[in-house]
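K.L.:
Below is the structure I would like to discuss, written out as structure tokens.
The values are calculated or read from the model by the stated rules, or taken from the named source; none is laboratory data. Small disclaimer: the values here were computed from a predicted structure and weren't measured. Heads up, the Cβs are rebuilt from the backbone with ideal geometry, glycines too, and the neighbour counts pull from every protein chain shown. Protein only, heavy atoms only, side chains kept; ligands, DNA and RNA dropped before computing areas. Shrake-Rupley method; radii C 1.70, N 1.55, O 1.52, S 1.80 Å.
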Amino acid sequence: MRKKFYYLILCVLISVSVHARSLQNIFDSANTLYDKGDYVEALKQYQQVEKSLSHWKLFYNMGNCYFKLNQYVEAKINYLRA
């Protein structure tokens with residue numbers, strides 16, 4: 001019984017780890033797009049991460065994208081969220 005329990009815990013931890021890596025990869029890709037000046041695509045990827053994660057860096061970066069796209073109200077909202 002204990003082996004099954006530990007196996008279940010291990011599976012959950014591995015699943016969470018893989019999901020976190022996937023989100024980190026998307027976030028890194030969005031940062032690269034932002035650095036290249038592709039603010040629309042960067043914003044789309046940040047929004048994809050936002051579905052699973054709430055973090056000040058994410059909202060700050062989204063605010064920067066909106067600012068660069070001259071969408072100042074959305075930029076302010078995200079800066080406040082950050």
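K.L.:
For region 41-82, which trypsin sites (Lys or Arg not before Pro) are both in a DSSP coil and crowded by at most 13 other Cβ atoms within 10 Å?
P.N.:
Loop-located and lightly packed - LYS51.
K.L.:
At 0.36 nm per residue, and after removing the present C-alpha to C-alpha distance, how many nm does the segment from LYS57 to VAL40 gain when stretched out fully? Intermediate values should be presented prior to the final figure.
P.N.:
Values: separation 17, 0.36 × 17 = 6.12 nm, distance 1.75 nm.
Computed gain between LYS57 and VAL40 is 4.4 nm.
K.L.:
Determine the share of region 41-82's accessible area contributed by carbon and sulfur atoms, expressed in whole percent, with a 1.4 angstrom probe. Write out the running numbers ahead of the final one.
P.N.:
Working: 1440 of 2720 Å².
Using a 1.4 Å probe with all protein chains present, region 41-82 comes out at 53 percent carbon and sulfur.
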